2 protein chains.
Amino acid sequence: MTRRILITIEYDGTNYSGWQVQENGPSIQEEIEKALFKAEKRTISITGAGRTDAGVHARGQCANFDTESKIPVEKYPFVLNALLPHDISVSKALEVPLGFSARFCAESKIYTYRIYNRRQPNALKSRFFHHVPMPLDIDKMRLCADFIVGEHDFTAFSAAGGTHKSPVRKVYSIDIVKDGDDILISVFGSGFLYNMVRIIAGTLIAAGLDKISPNIVEQAFITNDRRLLGATAPAKGLELTKVNYSPKDLQEEHNVRIP
Amino acid sequence: MTRRILITIEYDGTNYSGWQVQENGPSIQEEIEKALFKAEKRTISITGAGRTDAGVHARGQCANFDTESKIPVEKYPFVLNALLPHDISVSKALEVPLGFSARFCAESKIYTYRIYNRRQPNALKSRFFHHVPMPLDIDKMRLCADFIVGEHDFTAFSAAGGTHKSPVRKVYSIDIVKDGDDILISVFGSGFLYNMVRIIAGTLIAAGLDKISPNIVEQAFITNDRRLLGATAPAKGLELTKVNYSPKDLQEEHNVRIP
């Protein structure tokens, strides 16, 4: 009997070339597929909710795969964590309907971008934070974020190389929290173009450093001119925090399945 | 003119054999001395407030060195951070009297021990946290901590290999804070024997797992029997958070110095 399993994955992306299998280094997807091969003695492909770039981290990446095994679904985190390297872990596993797709059923995502803002670098934060040595004006960052929130053509906020049909996305909210030297930017949206969150972070940083005016964003939406915005912020500050699915899509259809 | 400089240091100890220069791998002390050699073109020895073991981290390690250079004291963090690897950083530098010693003037220290307490390991915490998969009873941990606080002969809480004259130490406080899956233990004391904080952490964990009775500590103080207590908790959960000096010891004696 084929079952489809949805797993939630955490990773420290520092030592990986990204989510997707690549020529130039080990990928997260590859490591999980290797662990599944060891567990089930057959080749299993997984589908992630979205790709993450080299160096990007995740607290709530999601992926699904199909299995013929008899491993109870709740045992998958134990089985996989015993086989995965220390910088990748599986926090949850759930059986989902065979029609479910971690990628296409994703309704919204939350990303977190982490900055630490003090003159000197900090060895304890170098893996998960982007260091900005000059003081950031949080009020200006928030003002700029207000212009980004909403449904827009985000072409100006995307890097070349994306393969999206439509550049229109909806950003529901951007929360900016300061805690000592740390600044956490939480971006909640329907979906994101290639590099979109890192360009949002870089634009908020540029606004916070007074290098651009917060309302330049309005002009970028009209002209689609990437150059009006801030630089793409470094990968290591970015984390895919959560992928949201509708309970309906996740629901098991035990009642209609013929064993 | 000789000046004595006190620096505050942060490090991710994962890739080091500890603070002290060792045969079996790079040490923090060595990396800082190498950076000083590059900056000043002469060999400079540094004195740390205390040694930390392989894998132990620091947010507030302190060390002093003497210099004949003309580098303004406030420039040392910039100079050293430009030369140090990413997992070591200098947050502060201060000129101190020539009689000052980071080691002997240390009046008290704060260590933090980090645990995360959930069934599955977490890739994002594997560097700085010790994973305890079974549920910990925080109330029992706090009860046990109350028995440890105070002035005692801490022989039972020390590993062989220490070279201390007296095993009497004063623990001023142990605070245990739970934040989601994270448990942070903050230990504030006059000084610590070899492995003492890791044995305190291991004992609190054993009490929290109901493997030992919280008041067994009283018996350990009487019998000096290390075996009554919990296992030495892993190095990676430990951080030297702060070293306290008296303002009097730190004070510059510019008025008595003859230039």
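Take A:Gln22, push a point 7 Å out from Cα through the beta-carbon direction, and compare it with the same point in every other copy: 3.3 nm, smallest first. For segment B:1-143, the alpha carbon convex hull comes to 134 Å³ per residue, rounded to a whole number. For chain B, the spherically averaged projection of the C-alpha convex hull amounts to 14.9 nm².
Using the Cβ-Cβ distance between B:Glu23 and B:Asp210 with R0 = 41 Å, the FRET efficiency computed as 1/(1 + (r/R0)^6) comes to roughly 0.50.
Each Lys and Arg Cβ is given +1 and each Asp and Glu Cβ -1; about its Cα centre, chain A then shows a dipole of about 260 debye. Relative to the dominant Cα principal axis of chain B, helix B:196-208 is inclined by about 30°.
Residues of B:115-125, mean number of Cβ from any other protein chain within 10 Å of their own Cβ, rounded to a whole number? All intermediate terms of the calculation are to be shown ahead of the outcome.
Values: counts 0, 0, 0, 1, 4, 11, 10, 7, 18, 12, 3.
Mean shielding by partner chains, rounded to a whole number: 6.
Across the identical copies, the 7 Å label point of B:Arg119, projected outward along Cα→Cβ, sits 5.0 nm from its counterparts, in ascending order.
B:Leu250 label point (Cα plus 7 Å toward Cβ) to equivalent points in the other copies: 4.9 nm, shortest first.
Using a cut-off of 29 Å between Cα atoms, the listed pairs B:Lys140/B:Lys165; B:Lys165/B:Lys248; A:Lys140/B:Lys70; A:Lys92/A:Lys236; A:Lys236/B:Lys34 include B:Lys140/B:Lys165; A:Lys140/B:Lys70 as exceeding that distance.
Sequence-ordered 3J(HN,Hα) estimates for segment A:165-180 from the Karplus curve with 6.51, -1.76 and 1.60 and θ = phi - 60° stand at 5, 10, x, 8, 9, 10, 9, 6, 7, 10, 9, 10, 10, 10, 9, x Hz, glycine and proline given as x. Using Cβ point charges alone (K and R +1, D and E -1), the dipole size of segment B:15-161 about the Cα centre works out to roughly 600 debye. Among rounded, prolate and oblate, which fits segment A:99-161 when a ≥ b ≥ c are the square roots of the eigenvalues of its C-alpha gyration tensor, a/c under 1.5 means rounded, and a/b larger than b/c means prolate? It comes out oblate by the Cα gyration axes.
Converting phi to 3J(HN,Hα) with the Karplus coefficients 6.51, -1.76 and 1.60 and the offset θ = phi - 60°, segment A:228-236 yields 6, 9, x, 5, 5, 6, x, 4, 5 Hz in sequence order, with x at every glycine or proline. For the protein assembly as shown, the spread of Cα coordinates along the three principal axes comes to 78, 56, 38 Å, biggest extent given first. What the phi angles of segment B:16-28 give under the Karplus curve with 6.51, -1.76 and 1.60, with θ = phi - 60°, is a coupling list of 10, 7, x, 5, 7, 4, 10, 6, 8, x, x, 10, 4 Hz, glycine and proline written as x.
Of all aspartates and glutamates in the structure, the ones whose alpha carbon falls short of 17 Å from that of A:Lys109, not counting any fewer than 8 places away in one chain, are A:Glu10, A:Asp53, A:Glu151, A:Asp175, A:Glu239, A:Asp249.
The length gained by stretching the chain between B:Phe104 and B:Lys165 to full extension, at 0.36 nm per residue less their Cα-Cα distance, is 20.6 nm.
Measuring r between the beta carbons of A:Asn15 and A:Ala82 and using R0 = 30 Å, the FRET efficiency lands at 0.95. Mean projected area of the convex hull spanned by the Cα atoms of segment B:140-253, taken over all viewing directions: 8.6 nm². Considering only A:Phe100, A:Phe154, A:Met134, and ranking their Cα positions along the charge dipole of segment A:71-183 that arises from unit charges at the beta-carbon of Lys, Arg, Asp and Glu, the one farthest toward the positive end is A:Met134.
Of all chain B C-beta atoms, the nearest to the rotation axis linking B with A is recorded, alongside its rounded Å distance, as B:Arg127, 4.
Order these peptides, A:203-212, A:24-33, by their mean beta-carbon neighbour count within 10 angstrom, highest first. It would help to have the intermediate numbers written out before the result.
On the way: A:203-212: 22.5, A:24-33: 18.8.
For the peptides A:203-212, A:24-33, the packing ranking is A:203-212, A:24-33.
Once the chain from A:Ser190 to A:Lys70 is taken as fully extended at 0.36 nm per residue, the excess over their C-alpha distance is 39.7 nm.
Taking Rh as the Kirkwood radius computed over C-alpha pairs, what is the Stokes-Einstein D of segment A:77-229 at 37 °C in a medium of viscosity 0.692 mPa s, expressed in µm² per second? Kindly include the intermediate steps, with their values, before the conclusion.
Numbers: Rh = 17.3 Å.
Value of D from the Cα-based Kirkwood radius: 189 µm²/s.
Between B:Gly191 and B:Lys109, B:Lys170, the built amide H atoms are under 5 Å apart, and every one of these is 5 or more places off in sequence or on another chain.
Nearest 5 is fine: what % of DSSP beta bridges in segment A:94-215 come out antiparallel, could you say? Present the calculation step by step, with values, prior to reporting the outcome.
Numbers: 20 of 22 bridges.
DSSP beta bridges in segment A:94-215 are roughly 90 percent antiparallel.
Since every read-out is calculated from the coordinates, none of them should be taken as a lab result. Quantities reported herein were computed from a predicted structural model and do not represent experimental measurements. No Cβ is skipped: glycine too gets one built from the backbone with ideal geometry, and neighbour counts run over all protein chains shown.
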